[in-house]
Each structure stands twice: as C-alpha cells, then as structure tokens.
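In what follows, a structure is listed as structure tokens, so that the remarks can point back to it.
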Amino acid sequence: MFICDCHCDTLTELYKKGTSLYDNDQHFDIKRQIELGGGLQFCAIFVPTHEFRYYGGLRYTLSLLDKYKQELKALQEKGIDVLPVLTKADAADVLNHKAATLLAIEEGGAIDGSLEALRMLYELGVRAMTLTWSNRNDIADGVNEECSGGGLTTFGRQVVAEMNRLGMLVDVSHIATAGFWDVIETSTKPIIATHSNAKTLCSHPRNLNDDQIKAINANDGLIGITFAGQFLEEDYNNACIDSVYRHIDYMLNLLGNDDHVGFGSDFDGISHPPYNIHGVQDYKPLIEYLQSKNYSDSTIEKITHKNVLNLLSKVL
Ligand SMILES: [Zn+2]
C-alpha cells in the first residue's frame, strides 16, 4: 500500500536528536515507509514562534530546512529512490518512486512577516504552509486565540494570495474559526487541513465542525485525519485504530463522497498516539481494519493516496 500522509513533525526530532530520516527509532522513517509499500510524507518544519516573540523564526526555519536537504542528500548517496515533490509533474510521478517527501512549514510566523521570505522559502522547496500554529501571528489567530474573534489580517490575505499564485498548499489546521472562514473566502485554490479531525466526535478546539468539513469539500480541498489521541477521543487513553476509522467514516458519511479525506498522522509530533499505532509501520493494521469494514479498494486507494495526489495536481 502507498500512503500519502500530510503531516509529521519528524524533522524537528531529526534536528534536535541528530537522527536520520532513513532509519531511526522515532515514529517515521523512510526505511519503514518503503517496507510498507512506499508513500509520500509531508515533512513539516514546525516553528515555535511563541518562543521567539516574534521574530527569529526564519533563522530557525532555515536550520530545519538545512537538515531536510542534508537528509535528502544522504538518501541520494545511499541510492534510496526518494522524490522531493515540487511540481505538478512530480505529483503525477510519485507512484513511480519508492518514496516521496513534500516540504511544509507549520506556523506562518516562519516568514517573519515577509512576502519576500515566503517566495524564497518556495524557491528552497517549501510547498505547503500551515498559516498559524495555535497562537496568534501576523497572518491570523490560532485556536488558542478563539476568544478574540480575529480572522486573517491584511498581511494574512496577502500571504494567501501569494501562496495561491506560487502554487503552495494553504493549510488551515490550527487556525481559529474566523480565520478559517476568511481563508475559504479568500483562497482561489483548494485548501487543506493537514491534521484535524471531526469536532462532532471529539470536541477538541483543534477539530473541525461539520460546516467547516463541508466547506473544505465545497472548496475541493482535503482533510488529513490525524492520530493525535486528544483529537480522536475525549479521553485520549481510548484512542485506537477504531477511533481513526470512526473519524474517517464520519466525514465520508457527512460528505456523501470519499474524495476529500486523507491522512495527516502528526507522527513525531503527538504526545498521545493511539495505543495500537506506534509509527508508520502501523498503517498496515489500520488499512486492514478499513478493509474489514468493507471499504472498497477504490475508497481505500483514494484515502491512502489518490485524494492527496489529486489535490497536489490542482494546487502545485
Ligand atoms: Zn500541529
């Protein structure tokens, strides 16, 4: 099985621990991904801008971007066939490779308030950006600022327009509700929520309500189901493969189609993973579980990879 996964924080762990993207004891590595049957992994540079108050994020971003490039080089030197996805043509070619990566930024504060920096990060290979983390930045408010009611700022609107123009995925995971609706109104291209679940099943503020899920469907975008226990179950101790299935199934039923749901595990960024998911290798029992629920091969192919590749073909 080929798995497209729209979010992980593996780069942060690699950078902090000096470990390898090919082979490590974290949640995700390329070796296990290839053993599983291959995949496209979005690799996010998570920038804790709240620690920088507020500038300095760009320098940190470049440090993780350097680690990403070094790891790709190491894979190339080992002769491992990993495609860094940059273009529509790459997206169409992904399945011809053993594995693929897509470089993302989690937290738009990474660009230090500069459209020039955004364009240069695009030049360096960034193809998706989560507009906010959970706090406020100069693009919009994150979910922790929900009480303020703030949406996209003037600068935030410029960022969305520029990302649309360049061909970068606009990611609305973590953004507060007003900002979410501003993005729906502003973006001229399909958007993504890389790692968010259904609020009706689990009331965490990071999850999407039914109207938001339907709006992403209408926008032709995609929702990546995440494995964070707190977003799967009210009591994260109960989070398991069945919880992941229930969030997928809820969205498919709500939308009446299987075209807008994928995965966004948040591997290496989750403190409470499901008790029977320990890393990328456990996509195998998860997919087998979906098969046991009588999901058709076509639906499984869409959720595992086709929907994400389809989105990339429209946005990049
Ligand atoms: Zn996140």
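The values are calculated or read from the model by the stated rules, or taken from the named source; none is laboratory data. Keep in mind the model is a prediction, meaning the values are calculated, not measured. Cβ placement follows ideal geometry from the backbone for every residue including glycine, while neighbour counts extend to all protein chains displayed. Please note that ligands, DNA and RNA were not included when accessible areas were found on the heavy atoms of the full protein model with its side chains. Shrake-Rupley method; radii C 1.70, N 1.55, O 1.52, S 1.80 Å.
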Taking the range 138-157 and the residues there that are touching a helix residue (DSSP H, G or I) at 6+ places or on another chain (Cβ under 7 Å) and outside any helix (DSSP H, G or I), the one that is farthest from the ligand (Cβ to nearest atom) would be 149
Go through the range 272-316 and count every residue that is closer than 23 Å to residue 233 by Cα, among the small types (Gly, Ala, Ser) and open to solvent by 20 Å² or more (accessible area, probe 1.4 Å). 1
Could you tell me which of the residues 183, 170, 160 is within 16 Å of the ligand (Cβ to nearest atom) and open to solvent by less than 40 Å² (accessible area, probe 1.4 Å)? 170
Which residues, taken from the range 117-137, are open to solvent by 50 Å² or more (accessible area, probe 1.4 Å), within 16 Å of the ligand (Cβ to nearest atom) and under 24 Å from residue 315 (Cα atoms)? 133
Residue 57 - would you say it is within 15 Å of the ligand (Cβ to nearest atom) and within 21 Å of residue 269 (Cα to Cα)? no
Hey, does the range 12-23 have a residue that's surrounded by fewer than 24 Cβ atoms within 10 Å (Cβ to Cβ) and within 16 Å of the ligand (Cβ to nearest atom)? yes
Does residue 100 satisfy the criteria of being farther than 22 Å from residue 50 by Cα, of a type in the set (Gly, Ala, Ser) and buried (at least 24 other Cβ atoms within 10 Å of the Cβ)? yes
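Might you let me know whether the range 130-137 holds any residue that is of a type in the set (A, V, I, L, M, F, W, C) and more than 15 Å from residue 172 (Cβ to Cβ)?
Checking the range 130-137: not a single residue is of a type in the set (A, V, I, L, M, F, W, C) and more than 15 Å from residue 172 (Cβ to Cβ).
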Conditions (1) touching a Lys or Arg at 6+ places or on another chain (Cβ under 9 Å); (2) under 18 Å from residue 1 (Cα atoms) -> residue 309 fails only (1)
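Out of 269, 262, which single residue is in contact with a helix residue (DSSP H, G or I) (Cβ under 8 Å, 6 or more places away or on another chain), closer than 16 Å to residue 7 by Cα and either open to solvent by less than 20 Å² (accessible area, probe 1.4 Å) or assigned to a helix (DSSP H, G or I) (or both)?
Among 269, 262, only 262 is in contact with a helix residue (DSSP H, G or I) (Cβ under 8 Å, 6 or more places away or on another chain), closer than 16 Å to residue 7 by Cα and either open to solvent by less than 20 Å² (accessible area, probe 1.4 Å) or assigned to a helix (DSSP H, G or I) (or both).
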For residue 38: the one exception among (1) open to solvent by 10 Å² or more (accessible area, probe 1.4 Å); (2) at positive phi; (3) at pLDDT 95 or above: (1)
